[in-house]
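Asks: Below is one structure. I have some questions about it.
The values are calculated or read from the model by the stated rules, or taken from the named source; none is laboratory data. Treat the numbers as computed from the prediction; the structure is a model and nothing was measured. Neighbour counts are summed over all protein chains in view; Cβ atoms, including those assigned to glycine, are modelled from backbone coordinates with ideal geometry.
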Amino acid sequence: MPIEHETLTNFVLPECDGDVLQMHDLHFAYPDGHVALRGVSLSICEGEKVALVGPNGAGKSTLMLHLNGILKGEGDLTIAGLSITEDHLPVIRAMVGLVFQNPDDQLFSPTVFDDIAFGPLHMGVPEDEVRQRVSDALAAVQMKDFGDRLSHHLSMGQKKRIAIATVLAMRPGILVLDEPSAGLDPRARRLLIELLRQLPITMLVSTHDLRMVQELFPRMIIMDEGQVVADGDTDELMADIALLTAHGLEQP
Amino acid sequence: MHAHAFDQYLYRDSFLHRLDPRVKVVGVLALILSNALLPDGSWAAFALVWLALLVANDLSRLGLWFTLRRSFVALPFALVAVSAIFSPNGTPLAEWDLGVVTLVPTNLGVIRFVSILVRSWLSVQMAILLVATTQFPDLIHAFEHLRVPRVLTTTIAFLYRYMFVLTDEVFRLIRAREARSAGLPGKKRGGSVLWRARVTGSMAGQLFLRSYERSERIYNAMIARGYTGHIRTLNPHILTNRDWLVLWAVFVLILVIQMVGWLR
């Protein structure tokens, strides 16, 4: 059951009406036989900012790779009412902005500009608008002057922000981030938190950073061993020390 | 994500898996040589080799048709032998006028072509079985025991190691592109051919840069742990009586095959 929160509701998101994401009884096993998801059900409403926490190997990253059809498990999954089929994939990929945990997995072009422009260009956005979107995305992550820089020479924090910019330029309906604050120094982490706070987009963020969760996300989902073990109000779940300990988490 | 595409080793607790890698390497090389020495059209001998291969498949517990299923990957390379069909010896079967040249397939030529095909197909299956039942470090170790120069074995070992690094990088790059290859309803997606080619080109450049940097890091890590130029393995590599027995059995088998092939 989705839980209503006082979130940023004054924004109208494109192409999303009603639930942004609906997942019911999703199962997935990797080709080597390792079972990663054992019946995951969750739904996310427009404007919600949801944290996904749980120990390493709980299935968080696997779950996220399902959201734009990179992995295909068994079960029902719809994004804004569209099921994940070959026909829907292009639209779904425009709607779900997936940012990988390791920015080196995300960035594949020589310059920052090329990387951010890839998504919009592939979608057939006209050139003028592409330029506009790239500079908007760079401004949103506070890296205005980095367009001509080479991606692989940036620092970790910069790479993470550029990785987010590459999907912001596609104007996604939901932003899916895999451990965005991992490996950042305190200042880069603070910049990232402020950035996520300001972005008026529905978000699903997997993380081990429970302090960030407390600060940013009204709703929290705990996953362990391929299943959702808790889904609810962040403050309530954080108060349940027994629950946190049972799933390898520590109260911040 | 990991690339399993080239990792052909399949673990089973079987007779073939437990055999000393040196015996397997020498046996397979001798059998492949024997295949090459069989005369054209010695169908009985070819059948015998295949029978032996099926028995070996069964002994490996990988399934009777395991090597057969994997062998088709290599078959296209055997088509290089297609010119053998037009051997000048033998009775002409037909005449194909292609304007510039006239091709005359002959009966001996066809027999030769099919024989080459069968030989390479059998040999490929033997190599597949060898790689599937022997772990790569053991294989390299066996080559070292057999006095293959260290430069060669080290090069092969590194080639094998970095093949995975390279394919991993390829998969990650492709996945990253895939994740953002979106489209909008009613708009042409994918951009122009020229743009797509440019993106692919820069991805190839990125691939080189990254795998170069990554292999450098891996090499440093190897040096940091005392790597001196050869790969060690925990396998004791002691030839037991059973290993010697198998080696002798292989040579007897080869003798029989050659006799069947030549004494007709």
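Asks: How many residues are exposed (fewer than 11 other Cβ atoms within 10 Å of the Cβ) and of a type in the set (F, W, Y) if we restrict to the stretch B:77-93?
Replies: Total satisfying the criteria: 1.
Asks: Kindly indicate whether any position in the stretch B:65-82 is of a type in the set (D, E, K, R), in contact with a helix residue (DSSP H, G or I) (Cβ under 6 Å, 6 or more places away or on another chain) and assigned by TED's automatic domain parsing to the domain that holds B:S123.
Replies: Scanning the stretch B:65-82, I find at least one residue that is of a type in the set (D, E, K, R), in contact with a helix residue (DSSP H, G or I) (Cβ under 6 Å, 6 or more places away or on another chain) and assigned by TED's automatic domain parsing to the domain that holds B:S123, so the answer is yes.
Asks: Same structure again: If I filter the stretch A:99-109 for residues that are on the phi < 0 side of the Ramachandran plot and in contact with a Ser or Thr (Cβ under 6 Å, 6 or more places away or on another chain), do I get at least one hit?
Replies: Yes, some residue in the stretch A:99-109 is on the phi < 0 side of the Ramachandran plot and in contact with a Ser or Thr (Cβ under 6 Å, 6 or more places away or on another chain).
Asks: I need the full set of residues from the stretch A:68-91 which are surrounded by 23 or more Cβ atoms within 10 Å (Cβ to Cβ) and either at the interface with chain B (Cβ under 10 Å from one of its Cβ atoms) or touching a Pro at 6+ places or on another chain (Cβ under 8 Å) (or both), in order please.
Replies: A:N68
Asks: In addition: Starting from the stretch A:59-78, keep only residues that are modelled with pLDDT under 95, then list their pairs with residues that are among the basic types (K, R) whose Cβ atoms are within a distance under 7 Å, requiring at least 6 positions of separation or different chains.
Replies: That search, which allows pairs on different chains as well, returns A:N68/A:R93; A:I70/B:R175.
Asks: Also, quick follow-up: Considering only residues that are β-branched (V, I, T) and in contact with a Ser or Thr (Cβ under 9 Å, 6 or more places away or on another chain), look in the stretch B:246-264 and name the one that is farthest from B:A56 (Cα to Cα).
Replies: So the residue we want is B:V260.
Asks: I'm trying to understand the selection: among the residues of the stretch B:33-49, which are within 24 Å of B:L139 (Cα to Cα) and surrounded by fewer than 18 Cβ atoms within 10 Å (Cβ to Cβ)?
Replies: Across the stretch B:33-49, the qualifying residues are B:L33, B:A36.
Asks: Quick check on this structure: which one of A:S155, A:S206, A:S151, A:S135 is hydroxyl-bearing (S, T, Y) and closer than 28 Å to A:L21 by Cα?
Replies: Matching residue, one of A:S155, A:S206, A:S151, A:S135: A:S206.
Asks: Looking for whichever is touching a residue at least 24 places away in the same chain (Cβ under 8 Å), assigned by TED's automatic domain parsing to the domain that holds B:A44 and touching a Lys or Arg at 6+ places or on another chain (Cβ under 7 Å) here; the options are B:I116, B:I128. Which one fits?
Replies: After applying the criteria, what remains is B:I128.
Asks: Could you look through the stretch A:174-193, keep only residues that are free of Cβ contacts under 8 Å to residues at least 40 places away in the same chain and small (G, A, S), and pick out the one that is nearest to A:K49 (Cα to Cα)?
Replies: A:S181
Asks: Let me ask you something else. Looking only at residues that are of a type in the set (D, E) and touching a residue at least 40 places away in the same chain (Cβ under 8 Å) in the stretch A:92-146, which one is farthest from the other protein chains (Cβ to nearest Cβ)?
Replies: Filtering first and then ranking leaves A:D115.
Asks: Could you tell me whether any residue of the stretch B:167-183 is over 23 Å from the mean Cα position of the chain (by Cα), of a type outside the set (G, A, S), assigned to a loop (DSSP other than H, G, I, E, B) and facing chain A (nearest Cβ under 7 Å)?
Replies: Yes: the stretch B:167-183 contains one or more residues that are over 23 Å from the mean Cα position of the chain (by Cα), of a type outside the set (G, A, S), assigned to a loop (DSSP other than H, G, I, E, B) and facing chain A (nearest Cβ under 7 Å).
Asks: Mind checking which residues of the stretch A:147-161 are in a helix (DSSP H, G or I) and either within 10 Å of chain B (Cβ to nearest Cβ) or more than 24 Å from B:R210 (Cα to Cα) (or both)?
Replies: A:S151, A:H152
Asks: Name the residues in the stretch A:71-114 that are within 30 Å of A:H153 (Cβ to Cβ), assigned to a loop (DSSP other than H, G, I, E, B) and either of a type in the set (K, R) or in contact with a strand residue (DSSP E or B) (Cβ under 8 Å, 6 or more places away or on another chain) (or both), would you?
Replies: A:F100, A:Q101, A:P110
Asks: At pLDDT 90 or above and hydrophobic (A, V, I, L, M, F, W, C), is that true of A:F108?
Replies: When the stated conditions are applied, A:F108 does not pass them.
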